Amino acid sequence: MADEFGFAILGLVILLLAGDILVKGAVNLALRFGIPALIVSLTVVAFGTSAPELLISVQSVIEGVPGLALGNVVGSNTANILMVLGIPALIAGLDRASDTRRDYLMMMGASLVFVILCFMGPLQLWHALVLLAIFAIIMAFTVRTALAHRKADDDDDDLDEADPDMEGWKIGLFLVLGIAGLPIGASVLIDSATEIAATYGVSDEIIGLTLVAVGTSLPELATTVMAAFRRQTDVALGNVIGSNLFNLVLIMGIAGLFGTIPVDRDFLVLDLWVMLAASAVLAPFVFLRLPMGRLTGLAFSALYAGYIVVLLV
């Protein structure tokens, strides 16, 4: 069994590394073609950082374990708020963020629609098309708003993934390794997660809500911890809200194109409501722009630990 956990970690590492180098390659390729940095950050980077979760969800549906896909998305959204914001707040505190009300309302709206669709499940093609339509509307609105408010010098802003001196062969290598590594990592992680679930007598949904969800939230956690130390609260909160929005409408939308996704009764009774409640807890920090101090971080972290215990007991 130690081998299966080792393979699960290996698959996760491959996924995260492949996603990272794919973003680097795609960003530099896009900039080579003269695409503005603002558009690259809103599209290429956003899509690329969601690639590991997307591959896990799609491949889970294809390989006949769709519960892993649903558990990954719902569990990641809960982890992103309670763990990814809770731990940095506990360590260093998060200052007041700037105005994120619009993005937060879009996330809450998408969450409510997703929960309603789950109650109308199992999730099928028409559910997926509804989610993808919402994603298209949100992306069009976001890009249009960003362009309207763009400053004259915005296109000179640097992207962390951009390297003006990167040679063409290196860009190509990054793209090839990223595209090849993502499905390999997803396959290794899904196979080992399925074995772990069978050995311990738990469902694929539980593995998705715990092991896979926490694993795929680790990049967001690392980003948010660094943002907390640098007092960049906007980065922390915006990262979580954006990631949750992408998970619900893009990842579940695309995964739903590849097959039917059953919604287990436990999701309808507990997990979807925990995700909604965690999202709603952010409201005072968004609308009143309250800081997240160490007590808030402790409360968030304790709530998440309690939720994991309930799932595993």
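So the values come out like this:
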quantity	calculated
Backbone HN-Hα couplings from phi across the range 207-220 [Karplus 6.51/-1.76/1.60, Hz, Gly and Pro as x]	4, x, 6, 10, 4, 6, 4, 5, x, 6, 8, 4, x, 4
Placed amide H near Leu123: partners under 5 Å, 5+ positions off or other chain	Ile261, Val263
Over the chain, relative contact order from alpha-carbon pairs under 8 Å, at least 6 apart, %	45 percent
Calculated [θ] (222 nm, deg cm²/dmol) that DSSP helices of n ≥ 4 give over the chain, each run adding -39,500 (n - 2.57)	-23500 deg cm²/dmol
Fully extended contour minus Cα-Cα distance, from Asp163 to Leu105, at 0.36 nm per residue	17.4 nm
In Hz, Karplus ³J(HN,Hα) per residue of the range 17-29 (6.51, -1.76, 1.60; θ = phi - 60°; x = Gly, Pro)	5, 5, x, 5, 6, 5, 4, 4, x, 5, 4, 5, 5
Virtual spin-label span in nm between Glu63 and Tyr200, 7 Å along Cα→Cβ	1.7 nm
Qualifying trypsin sites (Lys or Arg not before Pro) in the range 95-145, DSSP loop, other Cβ atoms within 10 Å at most 15	Arg96
The range 210-290: trypsin sites (Lys or Arg not before Pro) in DSSP coil with no more than 11 other Cβ atoms inside 10 Å	Arg230
Computed FRET value (nearest 0.05) for Leu112 with Ile179, which takes r as the C-beta separation and R₀ as 41 Å	0.75
Under-5 Å amide H pairs with Asp163, H placed in peptide plane, nonlocal only	none
Förster-model FRET efficiency, 30 Å R0, Ala283 and Val313, C-beta, rounded to 0.05	0.50
Rounded to whole Hz, the Karplus (6.51, -1.76, 1.60) HN-Hα couplings of the range 68-74, x for glycine and proline	5, 5, 5, x, 4, 5, 5
Placed amide H near Leu290: partners under 5 Å, 5+ positions off or other chain	Phe285
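Values quoted throughout were computed directly from the atomic coordinates according to the rules given, and no laboratory measurement underlies them. Quick caveat, the model's predicted, so the values are computed rather than measured. All Cβ positions, glycine included, derive from the backbone under ideal geometry; neighbour counts span all protein chains shown.
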